[in-house]
Every structure is written in structure tokens, then in C-alpha cells.
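The block underneath contains the structure these notes are about, expressed in C-alpha cells.
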Amino acid sequence: MTADLSAHPHFQSWTNPASGVRSFLLDPVIAPIQQSFYYVNPSLTADESALWFHCAWPPARQKTLARVSLDPANPEVRHFPQAQFDTAQPLVAPDGGVWFGVGTSIHHLSATGTTTRVFTLPEDYTRGRHLRLLATHLSLSADGTRFLLDGEIGNHWFVGTADLRTGKFTLIQEFMARHNHGQFSPVDPDTFLIAQDQHRDPVTGIFLHHTLRTWVMNTAGTRYECVNPAHRCFPYHGACHEWWSADGWLCYIDYDQGVYEVNLQTGERNHLWKEPVCHAHCSRDRVHWCADESPYFWKEKPCKVLYFNRKTGKRVEIQSAMEAPCGGSSEARSLYHIDPHPQFSPRDTWIVHTATPDDRPTVALTPVSEME
């Protein structure tokens with residue numbers, strides 16, 4: 001049953017004047033900055049009964065987690081100050097709790113606030129080196145047994161797995177170029193994607209940009225295949241953000257050309273949304289799509305959140321003119337990674353994104369049914 005957020009005391013209805021699309025904005029119930037999860041990890045629980053979100057208090061760097069029930073009759077809101085994730089962005093667990101990374105460890109937080117450590121990167125691998133990142137955003141294998149770790153330690157990057165049953169760490173590959181945004185396939189427990197990304201050398205300050213972006217690997221370490229070599233990369237051009245569809249297609253963005261999908265088994269490739277966008281996501285059947293355009297140019301122009309139906313060609317502006325958050329501060333946007341990051345909820349009921357009403361970032365839920 002879909003929650004009636006019009007009756008929810010912690011959500012306010014807002015209608016985009018340019019399109020008439022209605023969204024529900026989370027009140028500032030916890031923090032001055034409230035954000036949805038990074039778009040490849042759902043913010044809602046699998047049954048869509050509750051919303052998990054990030055909280056931040058400028059100028060503090062740290063972000064914490066909070067949870068709000070979507071049931072108007074039981075609108076419980078809880079903040080969890082112990083969930084100060086710093087080395088791995090969170091992933092909602094099947095039990096309705098959430099996993100997140102602190103230092104070299106991954107912890108599970110229940111909906112009632114119980115925290116349990118489930119994995120620690122072993123000392124015989126860290127060897128006293130500084131760990132900057134354990135995982136970009138936690139990803140679980142299709143069989144539910146392993147996390148994918150795509151970390152940065154010392155002066156290099158690595159990818160490996162963490163076994164939830166045994167706590168064993170398995171190193172797959174180390175890189176001297178930055179690799180991140182690792183994501184397990186939702187249908188094949190041994191296949192994952194990883195992105196090569198730009199980075200700045202911490203000693204020389206030299207900016208190093210990648211040429212090829214999206215790679216498919218396997219846990220055996222015998223595969224390293226670029227899926228979009230024709231989309232050569234340079235700053236804000238070429239291939240960028242990628243994700244798996246629920247049925248195992250690999251989807252990615254070309255900043256200039258729009259949205260592509262690839263079937264890795266057959267080689268079929270479709271250019272289905274021909275419009276410059278930044279982050280995008282799709283429904284389970286890949287009929288409905290959403291995207292933002294473009295938070296990278298927020299200082300020059302307002303940002304949009306868009307909906308697209310591949311069958312009908314219908315395009316709708318969910319947000320037509322979002323102003324830059326926090327007074328347009330590039331520092332704040334970078335520190336907290338404040339982008340809309342739209343995503344479909346697990347049952348495709350909502351498009352969840354971060355909006356900026358009155359310059360204040362908060363979570364927005366837009367009913368998909370109102371755009372069909």
C-alpha cells in the first residue's frame with residue numbers, strides 16, 4: 001500500500017509551477033541539510049515503509065543517518081548520531097536497517113538503533129597505511145553474501161570483497177589510477193562494474209583525467225573490459241555516471257548525448273534518452289527514467305530534475321529551476337556532495353531526490369503515478 005504523504009505531518013506538498021508536478025518535501029525534522037542517498041542505493045526500505053537520509057550541520061564535515069516512517073499514522077523520526085559514516089556511503093539492508101562504513105569497518109544499524117560491526121579490513125592488508133575510502137557506496141552481491149569494496153589506501157586504489165558470513169577480505173585488484181563507484185551486478189554474484197575517475201595527485205597537485213570510464217570486472221580478477229570506449233572522457237564530456245538496472249542491463253550517461261543501456265550478454269546497445277544529463281536512474285522494467293541536469297553548472301544556472309518515458313517519449317520537469325544550495329556555496333556543495341541524485345524507489349512508487357527549497361537541501365519524493 002502506497003503511503004499517503006499528503007496526510008503526513010513531516011512532509012509538505014510542493015508543486016512545480018512550470019509543469020504542475022507535485023512532490024512531497026521532508027520538513028527540516030533533524031538537520032539544516034537533509035539528503036537522499038547516492039542514486040545507485042535506494043533511500044527507501046524494500047517495502048517502502050521508511051525513508052533513510054543523510055544529515056549535516058555546516059560547517060561540520062561529518063554526516064549522520066536518520067530515518068522517518070512514511071506511515072502518516074505512525075510518523076516516527078529518529079536520528080542516529082552513532083551512524084557517522086566516513087569511509088563508505090550507506091546501503092539499506094534487507095531487514096530495514098542500514099550498513100555504513102567508519103574507518104576500516106562496516107557496521108549495521110537497526111531501525112531501533114542497535115549497531116553491530118560486521119566487517120573490518122584486516123591489519124595484514126592495511127599495514128598502518130592511511131585508509132581514505134573503504135567503499136564509494138556499499139554494494140551487495142546478488143546472492144547476498146559479500147560486499148564490494150572499492151577503496152583508496154596509501155597512494156593507490158583497490159577493489160575486493162568482504163564476506164558477510166565469515167568476515168574474510170579478498171583482494172581482487174590494486175590500481176595506480178583512481179577507480180571507484182564499484183557496483184555488484186544485481187543478477188550475477190561474480191560480476192561488477194567499476195569506474196575509472198579523475199583525481200588530483202596529493203603531492204604535486206597535478207590533475208589527472210581518465211580517458212575510458214566504465215569497466216566490467218569479475219571477482220576472479222580475470223576480466224577488465226571497458227563497455228563504452230567510444231565515449232572518450234575529458235572534463236564534463238564523454239561517459240560518466242553508470243549503474244545496473246534491476247534486470248542486469250548496464251546503464252550509463254554521456255554528458256553530451258544522454259542515456260545509454262547495454263546488454264552485456266548480447267551486446268545490444270540503445271541510446272534511449274537523447275538529452276544532456278548528469279546522474280540518471282531507471283525503473284525496474286526500464287520504461288521510466290529520471291535524471292538531473294546539471295548540478296555541475298549550478299553557479300551559472302538553476303538545476304533541473306527530469307522524468308522520461310521511453311515508450312511514449314513523454315518528458316516532464318519535476319524540478320524546473322532549483323537554485324544552488326547553501327547560498328550557492330561551492331564549498332558546501334562539494335563538502336556534502338549536494339546534487340539532486342534522483343532515483344526510483346524499490347517498488348517504483350516514487351522518484352526520490354534532494355531538492356533545495358528556500359536554499360535548504362532536503363529530501364523530496366515525487367509520485368511516479370502522477371507522470372504517467
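Residues that are within 22 Å of residue 171 (Cβ to Cβ), buried (at least 21 other Cβ atoms within 10 Å of the Cβ), out of contact with any helix residue (DSSP H, G or I) (no Cβ under 6 Å at 6 or more places or on another chain) and among the polar types (S, T, N, Q) occur at least once in the range 126-136. Filtered by the rule that a residue be closer than 19 Å to residue 25 by Cβ and in a loop (DSSP other than H, G, I, E, B), the range 60-82 gives 70, 71, 72, 75, 76. Consider residue 85 carefully, then state whether it is in contact with a Phe, Trp or Tyr (Cβ under 8 Å, 6 or more places away or on another chain), at pLDDT 95 or above, assigned to a loop (DSSP other than H, G, I, E, B) and surrounded by 22 or more Cβ atoms within 10 Å (Cβ to Cβ). Against the criterion (in contact with a Phe, Trp or Tyr (Cβ under 8 Å, 6 or more places away or on another chain), at pLDDT 95 or above, assigned to a loop (DSSP other than H, G, I, E, B) and surrounded by 22 or more Cβ atoms within 10 Å (Cβ to Cβ)), residue 85 qualifies. In the range 329-370, how many residues are crowded, with 24+ Cβ neighbours inside 10 Å, within 15 Å of the chain's Cα centre (by Cα) and polar (S, T, N, Q)? Here the count works out to 2.
Checking every residue in the range 27-44 against the condition of being on the phi > 0 side of the Ramachandran plot and either in contact (Cβ under 8 Å) with a residue 40 or more places away in the chain or under 24 Å from the mean Cα position of the chain (by Cα) (or both) gives zero matches. If you go through the range 314-367 and pick out every residue that is farther than 27 Å from residue 60 by Cα, of a type in the set (Val, Ile, Thr) and touching a strand residue (DSSP E or B) at 6+ places or on another chain (Cβ under 6 Å), you end up with 4. Taking the range 99-171 as the region of interest, the strands (runs of 3 or more DSSP E) fully inside it that hold 3 or more residues being under 22 Å from the mean Cα position of the chain (by Cα) and modelled with pLDDT of 95 or more are 105-109, 131-133, 135-137, 146-153, 156-163.
Based on this model, can you work out whether residue 301 counts as part of a loop (DSSP other than H, G, I, E, B), in contact (Cβ under 8 Å) with a residue 12 or more places away in the chain, surrounded by fewer than 22 Cβ atoms within 10 Å (Cβ to Cβ) and not β-branched (Val, Ile, Thr)? Answer is no for this residue.
Under 9 Å between Cβ atoms, which residue pairs at least 6 apart in sequence (or on different chains) link something in the range 158-178 that is farther than 16 Å from residue 88 by Cα with a partner that is among the small types (Gly, Ala, Ser) and exposed (fewer than 14 other Cβ atoms within 10 Å of the Cβ)? Pairs found: 171/221; 172/220; 172/221; 173/221.
Residue by residue, here is whether (1) out of contact with any strand residue (DSSP E or B) (no Cβ under 7 Å at 6 or more places or on another chain); (2) closer than 22 Å to residue 275 by Cβ holds:
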residue: 202; (1), (2): yes, no
residue: 209; (1), (2): no, no
residue: 215; (1), (2): no, no
residue: 222; (1), (2): yes, no
residue: 226; (1), (2): no, no
residue: 234; (1), (2): yes, yes
residue: 240; (1), (2): no, yes
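Does residue 316 count as touching a Phe, Trp or Tyr at 6+ places or on another chain (Cβ under 6 Å) and either under 20 Å from residue 344 (Cα atoms) or at pLDDT below 95 (or both)? Yes.
Condition first: free of Cβ contacts under 8 Å to residues at least 60 places away in the same chain and among the β-branched types (Val, Ile, Thr). Can you find one or more residues in the range 139-154 that meet it? Scanning the range 139-154 turns up at least one residue that is free of Cβ contacts under 8 Å to residues at least 60 places away in the same chain and among the β-branched types (Val, Ile, Thr). Flag: residue 272 matches the condition of being surrounded by fewer than 19 Cβ atoms within 10 Å (Cβ to Cβ), touching a strand residue (DSSP E or B) at 6+ places or on another chain (Cβ under 9 Å) and among the hydrophobic types (A, V, I, L, M, F, W, C). Pairs meeting the criteria (first residue in the range 332-355 and over 19 Å from residue 13 (Cβ atoms), second residue part of a strand (DSSP E or B) and small (Gly, Ala, Ser), beta carbons under 6 Å, at least 6 apart or on different chains) are 336/56.
Determine, yes or no, whether residue 200 is free of Cβ contacts under 8 Å to residues at least 60 places away in the same chain, under 26 Å from residue 254 (Cβ atoms) and of a type in the set (Lys, Arg). Before the answer, list the steps.
Numbers: free of Cβ contacts under 8 Å to residues at least 60 places away in the same chain: yes; under 26 Å from residue 254 (Cβ atoms): yes; of a type in the set (Lys, Arg): yes.
When the stated conditions are applied, residue 200 passes them.
Checking each residue in the range 29-40 for being within 19 Å of residue 341 (Cβ to Cβ) and either among the basic types (Lys, Arg) or in a loop (DSSP other than H, G, I, E, B) (or both) picks out 30, 31, 32, 36, 37, 38, 39, 40. Strands (runs of 3 or more DSSP E) fully within the range 174-283 that include at least 2 residues being of a type in the set (A, V, I, L, M, F, W, C) and either over 23 Å from residue 137 (Cβ atoms) or modelled with pLDDT of 95 or more (or both): 191-196, 214-218, 239-244, 250-254, 258-262, 269-273, 280-282.
The values are calculated or read from the model by the stated rules, or taken from the named source; none is laboratory data. For clarity, every value in this text was computed on a predicted model and none was experimentally measured. Glycine gets a Cβ as well: all are built from the backbone with ideal geometry, and neighbour counts include every protein chain shown.
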